[in-house]
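Colleague: Sharing a structure with you now.
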Amino acid sequence: MTVPQGLHQQLQQEYAEGLSPLIELELTGNISFDELIDTVYNQFRIPYKLVKADIEYLGKASFGKLLLHLKGTVVDNEKAVQYFNKRKIKNAIKGYA
C-alpha cells in the first residue's frame, strides 16, 4: 500500500523521539476492522490516525490493507504491535512520522 505523498516526505526510517510509527496492516478475515480499531483505541488507549484503507467485508470478516499511524507512547505502540503479532495480523512498520 502506498503512503500518501505528503506523509511519505515526512517519514523517517529510524525511530527518533517525538515520532510515531506508521504501520501497514493486512486483514485476512481473522479479525474485523471494527474490532481492530476498537482494540487499539479502547483497550490500549492509543490515539491513531487512519491514513488509508482498502477494506472489503464478507459477513463479519474483513479483508484488505490499511495504514494506521499510531500516536501512543513507545511502550503502548509496542504493545499494539505485539497484539497484532499475537492475533496473526500481518504488519509492517513503513516508517516514523
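The values are calculated or read from the model by the stated rules, or taken from the named source; none is laboratory data. Treat the numbers as computed from the prediction; the structure is a model and nothing was measured. When we count neighbours, we look across all protein chains shown, and the Cβ atoms used for this are built from the backbone with ideal geometry, even at glycine. Surface areas here come from the heavy atoms of the whole protein model, side chains and all, with no ligands, DNA or RNA. Shrake-Rupley method; radii C 1.70, N 1.55, O 1.52, S 1.80 Å.
Colleague: Pick out which of A16, A53, A80 has the largest mean-square fluctuation in a Gaussian network model of the chain, springs linking Cα atoms closer than 10 Å.
Modeller: A16
Colleague: For the chain, what % of the accessible area comes from carbon and sulfur atoms, probe 1.4 Å?
Modeller: Roughly 49 percent, rounded to a whole number.
Colleague: At a temperature of 20 °C and a viscosity of 1.002 mPa s, determine how fast the chain diffuses translationally according to Stokes-Einstein, using the Kirkwood radius over alpha-carbon pairs as Rh; express D in µm²/s, rounded to the nearest whole number.
Modeller: Working: Rh = 13.5 Å.
Estimated via Stokes-Einstein, D reaches 158 µm²/s.
Colleague: Compute the accessible area per residue over the chain, keeping the other protein chains in place, probe 1.4 Å, unit Å².
Modeller: With all protein chains present, the chain gives 62 Å² per residue.
Colleague: Another question about this same structure. Using Cα positions and a limit of under 21 Å, work out the lysines in reach of K52, with same-chain residues fewer than 8 apart set aside.
Modeller: Within the straight-line cut-off, K52 pairs with K60, K65, K71, K88, K90, K94.
Colleague: Let me ask another. Could you give the size of the charge dipole of the chain about its Cα centre, using +1 on the Cβ of each K and R and -1 on the Cβ of each D and E, expressed in debye and rounded to the nearest 20?
Modeller: The dipole of the chain has a size of about 140 debye.
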